[in-house]
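I have placed the structure first, in the form of structure tokens, so that the comments after it can refer back to it.
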Amino acid sequence: MYFRHLTIFLACYFFVAINCLTAGEEEIDLSQVIGLRVNVQDSENCGGSNSSPQTVTASTKVEGGETTCGEIRIAITVSGSVEREDAPYDFVYVNDVLFFSGDDDNEDCAMASKTETKEITIQPGDSITLTYDTSDGLYHAGAYAEITHAQLVDPDCSACTAGSGSVENGSVHVSIKMGQSSFGRSLGSLQIRGDTPSADLASPASLTYSTGDEGVTIIRDSSEYLRQIRTPQGLADIVTDSAHKYRIVFYTALETGALTNGLYDQTGKQSFTTWTIENPDATGITFDQLRITEQRGGSPKVSEFAWDAQAHGWELTTGAGLRKETKTALWDAAEENLIRTRTVRGADDEIVSKEVKVYYDFADQDPDWGLELVSTVIDPDGAALTTQRQYYDQISDGAAYKKLKQIIQPTGYWERYEYDSEGRQFKIIAQHLDAPVGS
């Protein structure tokens, strides 16, 4: 007979809505969050070798966002396998927010598959930590937890308000919210993306949207471009003014007209938000610029993209020319390092901030690998504050192969990470006092 002990965990968290991550602010990289995984050793009573309680964690720092105005909200999806013998055991947390736990089904060593999505709020520069706490040493066979999806939640107070949106640089990236479903779930966003100039950027040909919600009606024109989208909160009407200009006009549900001849008739209806997408060159002869105007009462909010052919990147100008941001991505001569540079200038064209991120392409040594961030340099033309990231890059490294090995901060502070035979991080060796790297 196996005797069990119970540990009760209390997790308290709160939600804060803030206004940040507006056009041009620093990109937040969640690529290291997705795939974060912890594995639990099989318990002795289920054919394994571990008879002790286990608390297994894996952690990664969220890169970017240091220039945002406050907290960052992330929608995280965790999948895993937890016990079905008894409850409450097998607690799976992300940053102390409980996602799910074991079931009370008296199924011995059988496991339950679970998936849960919740929002996590962090500060810029914080880490995401995934934790699996078994509470005891029984009934675990193939137990694990993994972050399978992570997505920024628009931190504006109108995050789920139809017609709200953002304009970001890197590539042309425009995101316009479609509001909520009848059950309060986000209906996603209209998207405009363009890595390089194209005449289609100023036409509905570049506008995309998809949703699996049955409460949404999507109407397309004869070219299969988006024409109208009806949601529980209202209507988005995509109106083409010319070959180089169109508008996305939002109406509330009360101001949505009757469906007539395949379209909702909006004659005489009052809109509340209009987005205008246009090529400033009305002739369409050139298409290396794009103007985005959001009109929601008061003064219009204008964002302008201009293509820099020499730098092979877009410049985003906002605030009536007070802020100019460029993001470029160029390979070095050896085509081993992808260099991403982000520069922000003021109205006088003086550099306000500059950051260079270098990604090394490990595909040359392993076709199943790819790009990894190896250095970040803030103010490269001045203080050159450099953060280095090193990886286990030898097959002989075993289960640690391809994983993060060491981080060296601009201050000289360093951390080294070690992994067990299953590839799980089990040790962090951190600098003490002035100990040199590698101590």
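Every number here is computed from the coordinates shown, using simple stated rules; none is lab data. Nothing here was measured: the structure is a model prediction, and the numbers come from that model. Cβ sites come from the backbone with ideal geometry, for glycine too, and all protein chains shown count toward neighbours.
Candidate cross-link partners of Lys357 among the lysines, defined by an alpha-carbon separation under 21 Å and a same-chain spacing of 8 or more, comprise Lys61, Lys324, Lys327, Lys402, Lys403, Lys405. Only Cα pairs under 8 Å and 6+ residues apart enter the sum, and on that basis the relative contact order of the chain stands at 9 percent.
In the range 268-308, inverting the average of 1/r over every pair of distinct C-alpha atoms gives 11.6 Å as the Kirkwood radius. If R0 equals 35 Å, the separation of the Cβ atoms of Gln365 and Ser127 corresponds to a calculated FRET efficiency of about 0.80.
In whole percents, the pair-distance distribution calculated for the range 281-360 from its alpha-carbon pairs, binned every 5 Å from zero, is 3, 13, 18, 20, 17, 13, 9, 4, 1, 1, 0. Of the residues Ala334, Ala384, Ala243, the one that moves most in a GNM of the chain with alpha-carbon contacts below 10 Å is Ala334.
Please work out which option in (1) 151; (2) 142; (3) 198 gives volume of the Cα convex hull per residue in Å³ calculated from these coordinates, and answer with its label. After the calculation, the listed value that fits is (3).
Amide H contacts of Phe426 (H built 1.01 Å from N, in plane; Pro and chain starts excluded): Glu418, Tyr419, Asp420 sit under 5 Å, all sequence-distant by 5 or more or on other chains.
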